[in-house]
Amino acid sequence: MISSNKQPIYLDNAATTRCDPRVVEAMLPYFSERFGNAGSRNHQFGWEAEDGIEIAREQAAKLIGAQSKEVIFTSGSTESNNLAIKGAAEIYARAAAGQMGRGHIVTAAHEHKAVLDPVRRLMREGFEATFIQPPADGVITAEMVAAALRPDTILVSIMWVNNELGTINEVPQIGRLCHEREVIFHTDATQWVGKMPTNVETDQIDLLSWSGHKIYGPKGVGALYVRRRKPRVRLEALQDGGGQERGMRSGTQNVSGIVGFGKACELCAESMDAEGARLLAMRTRLESELVKRIEVTVVNGHATKRVPNIANISFGFVEGESLMMGVREIACSSGSACTSASLEPSYVLKSLGIGDDLAHSSLRLSLGRWTTEADVDAAIEMIENAVNHLRRLSPLYDLHKEGIDLSKIVWQSH
Amino acid sequence: MAYSPKVIDHYEHPRNVGSFGTSKDVAARRDIGIGIVGAPECGDVMQLQIRVSDAGIIEDAKFKCFGCGSAIASSSLATEWIKGKSVDEALTIRNTQIVEELSLPPVKIHCSVLAEDSIRSAIEDWKKKAGAAVVASNYATT
């Protein structure tokens, strides 16, 4: 249990994924013989680089049902979110910079920081925002968005899939609502695209962010879909310079990264159905076995409206970080943030109204293309053993056994 | 974050885990002091129980801990250190000694503080109960 030379079982695919070898292979020539700058319009090296990028743009567009001209390459979802939110807010603002009342933005309290923080910055710059409080199952519905809309709302940004919970928000319905109300709709689709079928036309999306490294592509490259018609969405660039990416993202393109991103998109489109079914079977087994074997175990988020690869599970009476220590042979994430100065558990779990004790006791286990059934079976055993070990140590488990309601105790907190 | 070998050892082989009975059983016993510090919402709860002789020697100590590995190790270490000591000696244990022994990083200092607090809290509880018992017995003899 102490240590082994074996690599841990990787169940953190929502954090990042291992690059597909076919992606790496596609990228390699762009480090050597095809090293050109896609902006060099007058020689073969430049043309080759540009061709590589345009093939990747086609591959990326195809994965989401867009036209290739609507895809802007970025450094990843954080940049895509920033460009979408700040770029749209500047264009659609109802008052000039420096004034108040520049417009209203709707988002949700359990969004990723890469959405929340750009929105908060805009709030310091004259915009207003509503953060929808998610219900206990974590799913944001079109009704909730409708209730938050105001006459001065200029932008709605709702993620497609929550990164900690795997819950799926009602994106097509929210898209339809936004189009009816003529409000720009952005979705951070980092945990959705590549895993689930996407069509920006039928899903009525104006701006969509996704990232290469979550879909078995390289880190440091992502994309933003920007709708070109009905409506034509305009963005103020965040980065000025050579005018690359239709002027929305200046800077010499990361050619090898973009080529890898395109290949990753193509591979996801090919294997999506079979992979989704395989992952769902494994995740179902993981969740049902843990719930069956360990009492007071709760699967967080909606029971069915979740992507097939993410499980977020709370184990009562044990603390998440110590649980991670007990399962060191599994690489996963914990909702507990005991190492941070705040001692606050995950804001995502807290926003769902999950008690602090259960929020501190959660693991996020996320499966991927390289996860095997043997990995899942081994993980179930390790987690069961670790929870049992920690419950033998847990004063809270004793109180539970004695039938004492933990929520009624007045704690001597620090 | 890497854990020190001593933290891992205490985590995997915690010393003196347990209690002297259910919370109801031990509440009335005047030879036992109980310290419970921390709160579930902070991610740490330490429970320390000590059995103290009439002469004020900690004859036995048991702990339970809900918390990270460093919190578990701090409380496990605390039981080792206080066993056999007089209550006054036990009160001289400082959290900094625990930090040093377990090589705790700065973000885990609060774990050692909780362990020190649990020792104080258990001894205070014992003193209160033992003191109350002395008062009661004096009252009975007069």
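Listing for the model above:
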read-out	value
Residues of region B:117-136 that turn out to be under 13 Å from the mean Cα position of the chain (by Cα) and of a type in the set (A, V, I, L, M, F, W, C), as a count	4
Hits in region A:216-261 - residues which are over 16 Å from A:Ser80 (Cα atoms) and of a type in the set (Val, Ile, Thr)	A:Thr252, A:Val255, A:Val259
Residues located in region B:1-31, provided they are more than 10 Å from chain A (Cβ to nearest Cβ), closer than 20 Å to A:Arg391 by Cα and among the polar types (S, T, N, Q)	B:Asn16
Test set (1) part of a helix (DSSP H, G or I); (2) more than 12 Å from every other protein chain (Cβ to nearest Cβ); (3) within 10 Å of the chain's Cα centre (by Cα) - B:Leu114 fails condition number	(2)
Filter result for B:Thr141 (at pLDDT 95 or above, over 20 Å from A:Glu402 (Cβ atoms) and either at the interface with chain A (Cβ under 9 Å from one of its Cβ atoms) or out of contact with any His (no Cβ under 9 Å at 6 or more places or on another chain) (or both))	no
Number of positions in region A:282-316 that are in a helix (DSSP H, G or I), of a type outside the set (A, V, I, L, M, F, W, C) and farther than 30 Å from A:Asp405 by Cα	3
Given (1) buried (at least 20 other Cβ atoms within 10 Å of the Cβ); (2) within 14 Å of chain B (Cβ to nearest Cβ); (3) at pLDDT 85 or above, index of the condition A:Ala359 fails	(3)
Residue in region A:239-248 that is more than 22 Å from the chain's Cα centre (by Cα), charged (D, E, K, R), closer than 16 Å to A:Phe73 by Cα and in a helix (DSSP H, G or I) present	yes
Which listed residue, of B:Ile34, B:Ile57, B:Ile72, is within 14 Å of chain A (Cβ to nearest Cβ), closer than 26 Å to B:Thr96 by Cβ and surrounded by fewer than 24 Cβ atoms within 10 Å (Cβ to Cβ)	B:Ile34
Selection count, region A:249-281, where residues are assigned to a loop (DSSP other than H, G, I, E, B) and surrounded by 21 or more Cβ atoms within 10 Å (Cβ to Cβ)	2
Looking only at region A:203-217, and only at residues there that are surrounded by fewer than 24 Cβ atoms within 10 Å (Cβ to Cβ) and touching a helix residue (DSSP H, G or I) at 6+ places or on another chain (Cβ under 7 Å), the one that is farthest from A:Ile168 (Cα to Cα)	A:Gln204
So A:Gln173, is it of a type outside the set (D, E, K, R), assigned by TED's automatic domain parsing to the domain that holds A:Thr130 and on the phi > 0 side of the Ramachandran plot	no
Selection from region B:37-51 of residues that are within 9 Å of chain A (Cβ to nearest Cβ) and either more than 10 Å from A:His360 (Cβ to Cβ) or basic (Lys, Arg) (or both)	B:Val37, B:Gly38, B:Ala39, B:Val45, B:Met46, B:Gln47
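Yes or no, residue by residue, for (1) within 14 Å of chain B (Cβ to nearest Cβ); (2) more than 31 Å from the chain's Cα centre (by Cα); (3) of a type in the set (Val, Ile, Thr); (4) surrounded by 22 or more Cβ atoms within 10 Å (Cβ to Cβ):
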residue	(1), (2), (3), (4)
A:Arg364	no, no, no, yes
A:Glu373	no, no, no, no
A:Ala378	no, no, no, no
A:Ala386	yes, no, no, yes
A:Leu390	yes, no, no, yes
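The values are calculated or read from the model by the stated rules, or taken from the named source; none is laboratory data. All figures in this text were calculated on a predicted structure; none of them were measured in a lab. So basically every Cβ, Gly included, is an ideal-geometry build from the backbone, and we count neighbours across all protein chains shown.
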